[in-house]
Amino acid sequence: MRVAIVGSGISGLSALWFLKKHSDHEVNIYESAEHVGGQARGIIYRREGKEDVLVDTGLMAFSPAGSPTLAAFLKHLDLPTRRTDMSLAVSRQPRPAGVLNLFNPRAWRLAFDTLRFRYAQADDDQKLGAWLSANGYSAAFFDEWLLPRIARLWLLTDDLAAKSMPAGDVVRGVQDHEASWEAITGGGAALIDKLASVVPPENLHTRAEIVSITSHEYGVRLVEAGGTNHIYDHVILAIPGNRALKLLKAGSWAAPEEEEALSGDWTGIDAVPATGAVPTAVSVTSTPAPPAYDASMPAPTQTLALTYDMGRIAAQPGITLHIAPGSAFQVPLPSTRDLAPAQNTRRIAYAGAWARGGRAEDALVSALELVKSAPFNASPPLEGRRRAGMAMTLTLARIVLAYAEGVRSITAPLWTVVSWPVALALAIIETATPVPRARRQIALLRKCWE
């Protein structure tokens, strides 16, 4: 069978590798850019008077616990990895320092919510914002602990997008990525080059933008921007769902099930490399979001900016990568969409991180599951396994923490009775304290009780 793959990110190149290595299909791949790899290859940082550097954007680091299929695939490809640092620092409102923080109720609540989250379970049929509210998590927990970790893992830059994600994906993803992190030696480009090496040059088409796709009884027609037509037995669209939908409509039409399956949520970011360093591997800064154009519509209340120290993460000393809201890259939000009604119905198949959890692991698994199914029927010897947990210990911890949360929620109405006398006492102490620095610390503690 003659197969065309449109898009050469992780999904497209993985599908290419699986089909070339473990099937008899003839495969061609099309990429609109000059090089294959997409966001996974990275971006070129041109430095005056110095050698250009390829800076990772889509695959700078991963956790084997959270990306078991990717870890197994890298081992199968004999691509070495190394332990790396993805430690997180968050800029936040000042809080009491030193021993005074032991009397900070917000700090204790944050610690309690963090512990609960580490043992939590969630389903994908509930949005994260609703799940957090239903389970009594504090706003401080989301703002100071969970949101920065979501931003680090999915490159999200606003709180509204994070709260609209499936709760199950977020809970599992963040829990799995609290363990060790690894980076591919040579970066994401090493994986991209390894995958692309299996295809002959005549079957690898770069600078070949596909502008429409049409399904016929005799095959699928691809049309390039220059007008060149190609006919294939089957086509895999390994591009964002919204772009795939645009190609279908440009060629002929899109069925309702295709419209539903390919429409998804995306957020835009800018990724800008620079010279410098930050105190930790990942630094997250939050600022209030601009006012919404329509006050009746949901809108972000804060936007995030991330700075990655590529010296710590990717062994590129003196280079940072800044992520901020923008339009240079499209980042898929995790999805619970069902592709089955649209998959392979018109000799057209779909793959991508957007079809699952939005990460590199999901891009790989999406391609792997596709090529193993009909009509491709490839047989790659790859199966990622999730790290086994201690079920008995987890169940007991969840019971204890659920009981503790129940006690907290029942006693929550008493907070006002307790907090205001304490806040009043701290206000008196603040007024009587002669040392300015100590007075500022007491004022911060008082605000935590108000």
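The distance between label points at Ile410 and Tyr218 comes to 7.6 nm (points 7 Å beyond Cα on the Cα→Cβ vector). Binning all Cα-Cα separations of region 12-87 at 10 Å, short to long from zero, yields these whole-percent fractions: 14, 35, 35, 14, 2.
Remark: for residue pairs Lys21/Lys246; Lys163/Lys447; Lys75/Lys163; Lys194/Lys372, the C-alpha separation exceeds 25 Å in Lys21/Lys246; Lys163/Lys447; Lys75/Lys163.
Per-residue ellipticity at 222 nm, computed for the chain from helices alone with -39500 (n - 2.57) per DSSP H run of at least four residues, works out to -11000 deg cm²/dmol. Running Debye on region 70-110 with equal point scatterers at the Cα sites and no solvent, what base-10 log of I(q)/I(0) appears at q = 0.18, 0.22 Å⁻¹? Summing over Cα pairs of region 70-110 leads to -0.66, -0.83. What is region 120-176 by shape, rounded, prolate or oblate, if you read a ≥ b ≥ c off the alpha carbon gyration tensor as root eigenvalues and call it rounded for a/c under 1.5, prolate for a/b larger than b/c, and oblate otherwise? Because its axes are fairly even, with a/c under 1.5, region 120-176 counts as rounded. When the Gaussian network model of the chain links Cα atoms closer than 10 Å, the mean-square fluctuations of Pro279, Pro413, Pro375 top out at Pro413.
In the chain, the inverse of the mean reciprocal separation of distinct Cα atoms equals 24.2 Å; this is its Kirkwood hydrodynamic radius.
The radius of gyration of the Cα set in region 307-440, together with its Dmax, comes out at 26.9, 79 angstrom. Restricting the calculation to Cα atoms, region 201-261 yields a radius of gyration followed by a Dmax of 11.8, 38 Å.
Semi-axes of the equivalent ellipsoid for region 194-319, please: Cα gyration tensor eigenvalues, times 5, square-rooted, ordered largest first, whole Å.
Whole-Å semi-axes of the equivalent ellipsoid: 39, 26, 11.
Starting from the exponent 0.38 and prefactor 2.2 Å, build the expected Rg for region 154-244 from its residue count and divide its actual Cα Rg by it. Could you put the intermediate results ahead of the total?
Values: Rg = 19.3 Å, N = 91, 2.2 N^0.38 = 12.2 Å.
Dividing the Cα radius of gyration by 2.2 N^0.38 Å gives 1.58.
Given springs between every Cα pair under 10 Å in a Gaussian network model of the chain, which of Leu333, Leu396, Leu382 has the largest fluctuation? Sorting by GNM fluctuation, first place goes to Leu396. In this entry, region 21-179 is assigned a mean projected area of 15.1 nm², taken as a quarter of its C-alpha convex hull surface. Computed over all pairs of different Cα atoms, the Kirkwood value for the hydrodynamic radius of region 324-379 is 12.3 Å.
Values in this text are rule-based calculations from the coordinates and carry no lab data. Quantities reported herein were computed from a predicted structural model and do not represent experimental measurements. All Cβ positions, even for glycine, are placed from backbone atoms using ideal geometry, and neighbour counts span all protein chains on display.
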